[in-house]
Amino acid sequence: MKRVEGSRRERVRAMLADLKMPGALEAVDGILAQADGGTVTATEAIEQLLSAQIVLRNNRRLQTAMRSSRLPAIKTLAQFDFAFQPSIKREQIQALHELGFLERAENVVLLGPPGVGKTHLAISLAIAAAESGRRVYYGTLAALIESLTEARTAGNLARRLRVLTHPALLVIDEIGYLPVSQDDAVLFFQLINARHERASTVLTSNKGFEEWGSVLGDEVMAAALIDRVLHHCHIVNIRGNSYRMRAHQDLLRPASENRSEGART
Ligand SMILES: Nc1ncnc2c1ncn2[C@@H]1O[C@H](COP(=O)(O)OP(=O)(O)O)[C@@H](O)[C@H]1O
Ligand SMILES: [Mg+2]
């Protein structure tokens, strides 16, 4: 009986190898030992086995994406402290991370002052998308415009726009920190236009929409661009303190005050 069971386990390992499931293969002995000991049910054992494989697959997808997407860091939803930023609706952010907006080619705009987590949440959406097997790409507005300008000079603008339309999710970070020339604003508009209703764009800005006209040096084009962005769009408006400055805020406040009181000032 024991020998039959042993050879069955051998076959299970061989099947996992054949199916190219190294994550499950690595976990299977431990999971079966727990099942033998009666600490997990059969359903739990199967769940753990499949989860082990999914975790490995998602890690691989993420590693591939990190090489090609230009994401500047790994920031996940799990690392985000919602208690620090009460103006953010946790349910809205969690729902976005379920990625339905990608299916519908909807956009996300994250607005707020520096340090409130706009880039963090834009990256965590991109990472969730990459883990689900989608192609993602990250750029600051300045970097994306630079690459489009180079392509235009080389006579490749149409091709570059097509390449940037390919990812299911494109992050355009830091709209508003640097002023954009009218020429460059045309490239930004063309990029938004190319992706409009085809694929999702996640945009971040420290400036409200009413200020985009002066950022882009052209009120009429800014209005046309905002019109397309907002056509199918989720807006996350963050009002709060900079997370980067939190240590300094603690130092500046009398010890008797707690953090939630400080956050309201
Ligand atoms: N609520 C938060 N919980 C955890 N880390 C945060 C939070 N908000 C911001 N951070 C971290 O603080 C730093 C600044 O945030 P970032 O997203 O770059 O701000 P923004 O893009 O709005 O200027 C980053 O390292 C980010 O991971
Ligand atoms: Mg940022």
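Matching residues to (1) away from ligand 1 (no atom under 16 Å from the Cβ); (2) open to solvent by 30 Å² or more (accessible area, probe 1.4 Å):
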| site | (1), (2) |
| --- | --- |
| R57 | yes, yes |
| R60 | yes, yes |
| T64 | yes, yes |
| A78 | no, yes |
| P86 | no, yes |
| G100 | yes, no |
| N107 | yes, no |
| K118 | no, no |
| L121 | no, no |
Practice problem: Evaluate the stretch 130-149: report whether one residue or more is among the basic types (K, R) and surrounded by 21 or more Cβ atoms within 10 Å (Cβ to Cβ). | Solution: no
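In this structure, does D184 turn out to be under 26 Å from E210 (Cβ atoms), surrounded by 15 or more Cβ atoms within 10 Å (Cβ to Cβ), in contact with a Phe, Trp or Tyr (Cβ under 9 Å, 6 or more places away or on another chain) and touching a residue at least 12 places away in the same chain (Cβ under 8 Å)?
For D184, the condition - under 26 Å from E210 (Cβ atoms), surrounded by 15 or more Cβ atoms within 10 Å (Cβ to Cβ), in contact with a Phe, Trp or Tyr (Cβ under 9 Å, 6 or more places away or on another chain) and touching a residue at least 12 places away in the same chain (Cβ under 8 Å) - is not met.
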Quiz item: Out of all the residues in the stretch 150-171, is one or more modelled with pLDDT of 95 or more and among the hydroxyl-bearing types (S, T, Y)?
Solution: yes
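Table: residues versus (1) modelled with pLDDT under 95; (2) away from ligand 2 (no atom under 16 Å from the Cβ); (3) within 28 Å of the chain's Cα centre (by Cα); (4) among the acidic types (D, E).
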| residue | (1), (2), (3), (4) |
| --- | --- |
| V229 | no, yes, yes, no |
| V236 | no, no, yes, no |
| L252 | yes, yes, no, no |
| E261 | yes, yes, no, yes |
Self-check item: Filter result for I123 (touching a strand residue (DSSP E or B) at 6+ places or on another chain (Cβ under 8 Å) and either among the β-branched types (V, I, T) or modelled with pLDDT under 95 (or both))
Solution: yes
Quiz item: Within the stretch 170-181, which residues are open to solvent by 10 Å² or more (accessible area, probe 1.4 Å), of a type in the set (A, V, I, L, M) and touching a strand residue (DSSP E or B) at 6+ places or on another chain (Cβ under 9 Å)?
Solution: L178
Quiz item: Residue check: is H166 under 24 Å from H97 (Cα atoms) and open to solvent by 60 Å² or more (accessible area, probe 1.4 Å)?
Solution: yes
Quiz item: So which residues in the stretch 202-214 are crowded, with 20+ Cβ neighbours inside 10 Å and away from ligand 1 (no atom under 16 Å from the Cβ), if there are any at all?
Solution: W212
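The values are calculated or read from the model by the stated rules, or taken from the named source; none is laboratory data. Owing to the predicted nature of the structure, the values given are computational and were not obtained by experimental measurement. Note that each Cβ is placed from the backbone with ideal geometry, even for glycine, and that neighbours are counted across all protein chains shown. To get the accessible areas, we keep the full protein, side chains included, count just its heavy atoms, and leave off ligands, DNA and RNA. Shrake-Rupley method; radii C 1.70, N 1.55, O 1.52, S 1.80 Å.
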